[in-house]
Amino acid sequence: MEIVVSGIRPTGKLHIGNYFGAVRNFLKMQENHQCYFFIADFHSLTTHPTPTDLHSSVSIVLAEYLAFGLDPDKSVIYLQSDVPEVTELYLYLNMNAYKGELERVSTFKEKAKTQPDNINAGLLTYPTLMAADILIHNADKVPVGKDQEQHLEMTRTFANRFNRLYKTDYFKEPTAFTYNSKLIKVPGLTGTGKMSKSAGESDCIYVGEDADVLKKKIMRAVTDSGPQKPNSKLSQPVANIFSLMELVSEQNVIDSFKNAYADCSIRYGDLKKQLAEDMEKFISPYRERIKDTLENKQLLSRVARQGAERARESASQTIKEVREIIGFKKFY
Ligand code: TYM
């Protein structure tokens, strides 16, 4: 059976970019793959070395995983920090990861710009830690959004290099995966790039968002001054609104707004109102479920413990074999 691994950093509530880019695929994959889904709490230290409340951020992601329908009896659901074997593999991979290639990774370059006073070694080696997460279970497939493509390429480079250096074919070359035809990039509401916390609260639609906040955020989404002539090209902010609709609205509704855009009769207020309604329909079933799950501390603790045990079983087997391949031998 194919092995699937993926994770999300605990930066607070999950937004619909996380859901449609990653979690939606997790839900399908858990039905017929051996899945490992974790919370990347080590990774969060690369940008927030002194987190104010790491445990509650982790609890939110765990509760949301369960509220969305990840099933702890089908998938292994765990915290990265519960599997210390990951850090050992990270160490081995770092021995053969080069400064030049790590400095060329676009997420590193972006973060180095946004946090110039904290360009730490963990940030530089973010892709080796991510590779360790994936290779610790020798994954075949990694469900992620488009923004993680380059990291997956690095994972394959490290897996390949390990095999070459130690003359083995131990690691597979895992690939980014989605059930859509292409990896997706969900845009934010501020008219720029992908939906992201770093673009600010007003950029993100959270899956547990309150109804009135949701409506306000969408009604304030950036658009433009309207089509100037028939059949003109969509500007980026308006194209973003349509991309969000593609996730939650009926095709005939989208088509009617596209036609209205083409003949210049569109009113952006109506477009956003429609998006807000359809997004509300998508979000409302999750709202209560997330709250209830977050309050169920016993459930969270049971799931995390069971996940840690099962993840460590697989991880310790990998570490044992990797140690043998590299040449560590015990005297006792
Ligand atoms: P992170 O925490 O930034 O995002 C988690 C997942 O959500 C996807 N995603 C998006 N997809 C589409 N559109 C968006 N706007 C959007 N924003 C986020 C991401 O692609 C990701 O799948 N490095 C990873 C976490 C990680 C990981 C791993 C993932 C650590 N180790 C091993 C897979 C395997 C990250 O920062 O994702």
Discussion item. I'd like to know if the range 171-191 contains one or more residues that are within 9 Å of the ligand (Cβ to nearest atom) and closer than 21 Å to residue 90 by Cα.
Written reply: yes
Worksheet item: Residues in the range 193-210 that are assigned to a loop (DSSP other than H, G, I, E, B), more than 10 Å from the ligand (Cβ to nearest atom) and buried (at least 19 other Cβ atoms within 10 Å of the Cβ): how many?
Response: 4
Discussion item. Any residue at all in the range 94-101 that's in a loop (DSSP other than H, G, I, E, B), aromatic (Phe, Trp, Tyr) and out of contact with any helix residue (DSSP H, G or I) (no Cβ under 6 Å at 6 or more places or on another chain)?
Written reply: yes
Worksheet item: Which condition does residue 80 not pass, out of (1) out of contact with any helix residue (DSSP H, G or I) (no Cβ under 7 Å at 6 or more places or on another chain); (2) within 24 Å of residue 172 (Cβ to Cβ); (3) near the ligand (Cβ under 10 Å from one of its atoms), if it passes all the others?
Response: (1)
Item to complete: Take residue 88 and decide whether it is more than 10 Å from the ligand (Cβ to nearest atom), assigned to a helix (DSSP H, G or I), surrounded by 19 or more Cβ atoms within 10 Å (Cβ to Cβ) and acidic (Asp, Glu).
Response: no
Discussion item. If I ask for residues that are more than 8 Å from the ligand (Cβ to nearest atom) and assigned to a helix (DSSP H, G or I), which ones from the range 132-151 would you list?
Written reply: 132, 135, 149, 150
Practice prompt. Any chance you could count how many residues in the range 92-111 are within 16 Å of the ligand (Cβ to nearest atom) and farther than 14 Å from residue 155 by Cα?
Written response: 6
Discussion item. Cβ contacts < 6 Å: first residue not assigned by TED's automatic domain parsing to the domain that holds residue 19, restricted to the range 248-265; second residue surrounded by 13 or more Cβ atoms within 10 Å (Cβ to Cβ) and of a type outside the set (A, V, I, L, M, F, W, C), any location; separation 6+ or different chain. Result?
Written reply: 248/278; 249/278; 261/227; 264/227
Worksheet item: Can you name the residue in the range 119-131 that is near the ligand (Cβ under 10 Å from one of its atoms) and touching a Lys or Arg at 6+ places or on another chain (Cβ under 9 Å) and is also farthest from residue 70 (Cα to Cα) among such residues?
Response: 126
Fill in: Tabulated pairs, the range 154-168, first buried (at least 16 other Cβ atoms within 10 Å of the Cβ), second hydroxyl-bearing (Ser, Thr, Tyr) and in a helix (DSSP H, G or I), C-beta under 7 angstrom, 6+ apart or interchain
158/128
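Yes or no, residue by residue, for (1) touching a residue at least 60 places away in the same chain (Cβ under 8 Å); (2) within 12 Å of the ligand (Cβ to nearest atom); (3) not in a strand (DSSP E or B):
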{"position": "17", "(1), (2), (3)": "yes, yes, yes"}
{"position": "35", "(1), (2), (3)": "no, yes, no"}
{"position": "51", "(1), (2), (3)": "no, no, yes"}
{"position": "58", "(1), (2), (3)": "no, no, yes"}
Discussion item. Tell me yes or no: at least one residue of the range 195-213 is out of contact with any Cys (no Cβ under 8 Å at 6 or more places or on another chain) and among the basic types (Lys, Arg).
Written reply: no
Fill in: Of all residues in the range 152-168 being on the phi < 0 side of the Ramachandran plot and charged (D, E, K, R), the one that is farthest from the ligand (Cβ to nearest atom)
164
Worksheet item: Which numbered condition trips up residue 74, out of (1) in contact with a Cys (Cβ under 8 Å, 6 or more places away or on another chain); (2) within 14 Å of the ligand (Cβ to nearest atom)?
Response: (2)
Worksheet item: Which condition breaks for residue 181 when tested against (1) in contact (Cβ under 8 Å) with a residue 12 or more places away in the chain; (2) part of a loop (DSSP other than H, G, I, E, B)?
Response: (1)
Worksheet, complete the sentence: Residues of the range 211-238 being more than 15 Å from residue 268 (Cβ to Cβ) and surrounded by fewer than 16 Cβ atoms within 10 Å (Cβ to Cβ), in sequence order, are 211, 212, 213, 216, 229, 230, 231, 233
Worksheet, complete the sentence: Per the filter on the range 102-119, residues crowded, with 16+ Cβ neighbours inside 10 Å, outside any helix (DSSP H, G or I) and more than 19 Å from the chain's Cα centre (by Cα) are none
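The values are calculated or read from the model by the stated rules, or taken from the named source; none is laboratory data. In this text the structure is predicted, and so the values were computed from the model without any measurement. Don't worry about glycine lacking a Cβ; one is built from the backbone with ideal geometry, like all the others, and counts go over all protein chains shown.
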